[in-house]
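Each value in this text was obtained by applying a stated rule to the coordinates, not by laboratory testing. None of these values were measured; they are calculated from a predicted model. Here the Cβ positions follow ideal geometry from the backbone for every residue, glycine too, while neighbour counts run over all protein chains shown.
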């Protein structure tokens, strides 16, 4: 018996739930909360202990109403089981009391009949794969009543009720990795008041702009920026990183991360549903509700399957005149193991992805990534970090590089220009602290910065600006291929700085790993200059380069790949990648630094921007497809074998029901093996400190 839960109505401000709705659907159970074939979304927000409920989306845990329904069904099954046991005992110990024994068995069957027929009626209104089981069990009960077999009529729904209760528990257990995310930021938060004092407030009251204090050993309550303190934080639950991140003033942190060894004061930037953790939960909730492709195929033929089962049962009855065999055939045909083959695998796969910092928007993308045979990848922000970094420092004879870097950082500290920010980050990584700007600083837009220092006039900027302060200015080194600025003091040139968008350390290894997985056809698709694109492609081992591509050019290239019969995986992060991301067979967005529309358009989101997660996606997708195929084969063969044994009269209806549940547990256990997947330590990102870029929380989109 597959039990159903209708969507629980969102409580009104006063906390009331529509009683008519609750009464109309109170007889349904909980199993279809996880049925990918259900046409409704299930809002489990009421009564949940998570603080991330979404008004327009489903949550993962069962609501209080659903738990009550499941409890009521189990209680009825227990009571019916007691009556049935009393009936069997009476029949055994009082041979002359057969009539009373039948009455007790009939009462037991009536107790469990309500949920059975309510589920069958619901499945007629809202067809689903689990609805086939509901209708078959209802038919089996009617047939048992018709032939006067009250014991079978009672025992069938009792066995199926307990089987599906345990099945529900198994499915919910496989989602624990997802549900636990919602508990990372629950409880009270220490908020800093305007006068500097602290107050304990509920998590829900935190808003963007608030400042909170996080003690060592506590969870960071929301996305924010460190304003005071130094510590290490564990981002493992959010990004999948295995090692802590060292943070200090000015570094962004994730809500849900664990503060390990130092007090922090954090200015909240995004809280609740707008935080990275809120977005993760929202994506996972959406993903859980989408039907896997194999489920969609099965749904297409469920009507024909039901008709075939009834035809086989009728043939068995007419051929053997054995009503018990007919009953056994109907029960054996309940396709629960086959129905759960794909959804149980998808739930486990999505949970494993979340644990590794990979978010699948729905189960269809988990399946689709297994078909990928080529790669189309962006450069800026994807293969590279997407921001300028100091690549070369050329000092003049007699000038210490450390002194030149420190002076340039102080000049750049008062500017927001990308070159200035790159210099200040470079100096902070070397010195371990932020440079303080000079008091008398002038920024000349598009040229550079001039400041009065105790040593004289200092200039940082382009050659055009330096010529105004340095006589006979030497040209910048020819080896600098990219942005370049010079530094001068009191009319003397001190150094030239070259800048570049640095390649991610793991890029070459990740693309080599993809080639080992069969994605040999790789294309670098970028809007950058051809010389820069060719250099990056050579470093990571990509042969095909399409440079200076506008957004529509990227779209045209991806469409050409699709027309050629390829299944390209498109990876990008920016606005110019959105069209290609939408068009690709499957797409991945860099969620850490990717823009909102790119993240919203992609099928899969990488939280930590670690390119080694892309091979993880491929392996996980292929493993899930293989597991789902094996599960489907197990479910199909198990069902066919039990039907055959039932049709031959070798198994009674009760034994068929027991074996039916055994098959279901085999399928769920096989899917549960996916939860043990753990990527090798070599694929984990290295420990990041203050000299590396911190993760940037996902912004709402």
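A few notes on this one:
- FRET efficiency estimate (nearest 0.05) - Cβ-Cβ, residue 552 to residue 308, R0 51 angstrom: 0.50
- For the peptides 465-471, 667-673, 615-621, residues were scored by their other Cβ atoms within 10 Å and the scores averaged per peptide; the highest-first order is 615-621, 667-673, 465-471.
- By average C-beta atoms within 10 angstrom, highest first, the peptides 392-404, 304-316: 304-316, 392-404
- Simple spin-label estimate for residue 188 and residue 125 in nanometres, 7 Å along Cα-Cβ: 4.6 nm
- Once the Cα gyration tensor of the range 186-274 is diagonalised, semi-axes √(5λ) in Å: 19, 14, 11
- Taking label positions 7 Å along the Cα-Cβ direction at both residue 261 and residue 534, the computed distance is 4.8 nm, reported to one decimal.
- Global size of the range 438-564 as Cα Rg and Dmax, reported in angstrom: 21.3, 66
- The modelled label-to-label distance for the pair residue 207/residue 228, using points 7 Å beyond Cα in the direction of Cβ, is 2.3 nm.
- Kirkwood-based shape ratio for the range 386-503, expressed as Rg/Rh from alpha carbons: 0.92
- Peptides 641-647, 582-588 ordered by average Cβ neighbours within 10 Å, highest first: 582-588, 641-647
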